[in-house]
Amino acid sequence: MDNPAPKIQDFSKRIITNLEKVIVGKNQTLELVAVGLLCQGHLLIDDVPGVGKTVLARSLAKSLGCEFSRIQFTPDMLPSDVTGVAIFNQVTREFEYRPGPIMAQIILADEINRATPKTQSAMLEAMEERQVTVDGVTYPLPKPFMVLGTQNPIEYEGTFPLPEAQLDRFFMRVRMGYPALMDEIRILELQQLRHPILDLKSVAEVTELLEIQELVKTIFVSPPVKRYIVEIVRATRDNSDVYLGSSPRGSLGLFRAGQAMAAMQGRNYVLPDDVKFLAEYVLAHRMVVQPAARLRNLSADQIVHEVMANLPVPGGDLSTKTEVG
């Protein structure tokens, strides 16, 4: 089989370069978004208002030519406001399904933690099984389907913390952060007359994206790297500062993210460095830190870094199917 990495690398570069026309100075964040896209994963963007979370989601949809939908979550929102509702048609004497905003390809779930747990649960089936069930009838969601959920980590008034089951369905958690001085000046210049997103064009077809997502799965992961991934995840479960460690879904996420990151760098095999770079973003939000550790200002991110610092890194030739050592 031909090396699929160059094709994946070219695709991801096109997407990231296009996004950089709108999102200034956030190359690493855009790389992580591209990893999530290639892995068919959902992203949780945990950051303060005004740093470009909504613009990022809209720009991604425009870059791919995908249908975009924005759901503004509020405490009075009902599950049917997300999934849609069956309405009785007086003419045909039958119930007809009226799709909700979830029936799109790129979904911005804005301030998802403002919705009640009942409404948040309406997202669970959609994010995992990529379908919604209304009045006992199941409707498949379009392909591709990606949720970018946002939440404000500072404001807790009128919010409902996302339950572990919901957090576990997010492939990665990323943060935008404030721009650097020169980047913020550049933002002012770009938006002086009109927003650059208005001129953003599609640089890829949906069919190409679906093909690339399948190619990512063929990137080689050696047995030592697979073991390294699982050892990291298991170490989060055995850590005394952790009340609840990462699930096997975290292992799968880190495995798939490593494949995407390797391919984006032009390699058809995964290195331990790919895993080390991605572990914080894939695993930290799946962990629950012990109350005593939180009092010491110990975060899940720090625990992931400590875990990796204490684990031996596999060596040898990791690019072939022959296990070394």
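The values are calculated or read from the model by the stated rules, or taken from the named source; none is laboratory data. The model shown is predicted, which means the values in this text are computed figures rather than measured ones. Cβ coordinates were reconstructed from backbone atoms using ideal geometry, including for glycine residues, and neighbour counts include every protein chain displayed.
When you scan the range 10-19, do you find a residue that is under 18 Å from Thr150 (Cβ atoms) and either part of a loop (DSSP other than H, G, I, E, B) or in contact with a Leu (Cβ under 9 Å, 6 or more places away or on another chain) (or both), even just one? So far as the range 10-19 goes, yes, one or more of its residues are under 18 Å from Thr150 (Cβ atoms) and either part of a loop (DSSP other than H, G, I, E, B) or in contact with a Leu (Cβ under 9 Å, 6 or more places away or on another chain) (or both).
Residue pairs whose Cβ atoms lie under 7 Å apart, separated by 6 or more positions or on different chains, with the first residue in the range 197-217 and closer than 12 Å to Ile15 by Cα and the second among the aliphatic types (A, V, I, L, M) and in a loop (DSSP other than H, G, I, E, B), are Leu200/Val22.
Evaluated against (1) out of contact with any Asp or Glu (no Cβ under 9 Å at 6 or more places or on another chain); (2) closer than 21 Å to Leu215 by Cα, Ser69 falls short on exactly one condition, (2). In the range 108-126, the residue that is farthest from Phe171 (Cα to Cα) out of those that are assigned to a helix (DSSP H, G or I) and small (Gly, Ala, Ser) is Ala122. Filtered by the rule that a residue be surrounded by 14 or more Cβ atoms within 10 Å (Cβ to Cβ), assigned to a loop (DSSP other than H, G, I, E, B) and either outside the structural domain of Thr116 (by TED's automatic domain parsing) or modelled with pLDDT under 90 (or both), the range 127-168 gives Asn152, Thr159, Phe160, Leu162. For the range 175-214, the set of residues classified as under 17 Å from Asn18 (Cβ atoms) and surrounded by fewer than 11 Cβ atoms within 10 Å (Cβ to Cβ) consists of Leu198, Asp199, Lys201, listed by residue number. A single entry from Glu125, Glu129, Glu164, Glu111 fulfils the requirement of being within 23 Å of Arg249 (Cβ to Cβ), touching a Ser or Thr at 6+ places or on another chain (Cβ under 7 Å) and of a type outside the set (A, V, I, L, M): Glu125.
Being of a type outside the set (A, V, I, L, M), closer than 22 Å to Ala263 by Cβ and in contact with a strand residue (DSSP E or B) (Cβ under 8 Å, 6 or more places away or on another chain) is a description that does not apply to Gln9. Kindly indicate whether any position in the range 279-290 is more than 20 Å from Leu43 (Cα to Cα) and either of a type in the set (A, V, I, L, M, F, W, C) or surrounded by fewer than 15 Cβ atoms within 10 Å (Cβ to Cβ) (or both). For the range 279-290, residues more than 20 Å from Leu43 (Cα to Cα) and either of a type in the set (A, V, I, L, M, F, W, C) or surrounded by fewer than 15 Cβ atoms within 10 Å (Cβ to Cβ) (or both): present. Pairs linking a residue in the range 230-249 that is touching a residue at least 24 places away in the same chain (Cβ under 8 Å) and closer than 14 Å to His285 by Cα to a residue that is in a helix (DSSP H, G or I) and of a type in the set (S, T, N, Q), with Cβ atoms under 8 Å and 6 or more positions apart or on different chains, are Val233/Ser251; Val242/Thr236; Gly245/Thr236; Ser246/Thr236.
Just one of the numbered conditions (1) among the acidic types (Asp, Glu); (2) in a loop (DSSP other than H, G, I, E, B); (3) modelled with pLDDT of 85 or more is not true of Asp81: (2).
Of everything in the range 64-94 that's over 26 Å from Ala115 (Cα atoms) and without any contact (Cβ under 8 Å) to a residue 12 or more places away in the chain, which residue is surrounded by the fewest Cβ atoms within 10 Å (Cβ to Cβ)? Here the answer is Val91.
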